[in-house]
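Below: one structure, written as structure tokens.
The values are calculated or read from the model by the stated rules, or taken from the named source; none is laboratory data. The shown structure was predicted, so the numbers you read here are calculated from the model rather than taken from an experiment. Every residue, glycine as well, gets a Cβ built from its backbone with ideal geometry; the counts of neighbours run over all protein chains shown.
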Amino acid sequence: MKINILHFIIFLSFTFSSFLTAVANQNLENDKTDSDSTKSALLQEVKITAKKISHFETEKPSRKRHYSFLTKSPHQTGIIFDEEEIIGKKLNSISIYFDQKFTPTYIFQILLFTVGKDTLPSTLLNKRELVYSANHEGWTKFNIQTNDISIPKEGIAVVINFFNKSNVITGETDRIAMGKYSTKRRFFFRPTSQNEWIIFDSFQEGRIGPMIRISVDNE
């Protein structure tokens, strides 16, 4: 009789253990299914979007302090931009690197020209005067206060016109810092009283010149 009871107890223990094992396996399968389902739902929510660039800026030249280009006002100096990325786009802003701090009353003018067959400024593009002031050293961005200037297929000539009155009181000499570009550029200048432009390419075959860059809208 005792042996039968012992056998019965062993049988119950084995049966209960098998039941627990089966329940554990079932829960494991359910957890795995739920985990896979969650992963699937998360993957479906992943979205990859490209950030649209609203404008394009021309090359930012590197500063070269041991080069200088001194002129007395009134005079004009400039550079031609003809990169493929800017053709047909609307001009947004012009940035200039001044190598000294000016007085708050210091003013100058920006002139925008088409590029002639001689790769020099030709026809004036801006219908209104673009007059600005600058009173600190380094890069300064000047927004173009007109929305009707698009870059012609030949490019655009950006000219900085320094007025004589800028130097009368302070005796300051107009100076745009000199920088190095990755490729040869077209720099030019002239006294305001003259009509003929003078090509400026004496430093590293035209790779070093006044630090000017422009920005255009991509739309």
Of the residues that sit in the range 86-132 and are under 23 Å from the mean Cα position of the chain (by Cα) and hydroxyl-bearing (Ser, Thr, Tyr), which one is surrounded by the most Cβ atoms within 10 Å (Cβ to Cβ)?
Tyr97
Among the residues of the range 56-104, the number that are outside any strand (DSSP E or B) and farther than 14 Å from Gly209 by Cα is 17
From the list Thr123, Thr114, which residue is free of Cβ contacts under 8 Å to residues at least 24 places away in the same chain and assigned to a strand (DSSP E or B)?
Thr123
Quick check: anything in the range 67-74 of a type outside the set (S, T, N, Q), in contact with a Pro (Cβ under 8 Å, 6 or more places away or on another chain), assigned by TED's automatic domain parsing to the domain that holds Ile212 and closer than 24 Å to Ser202 by Cα?
yes
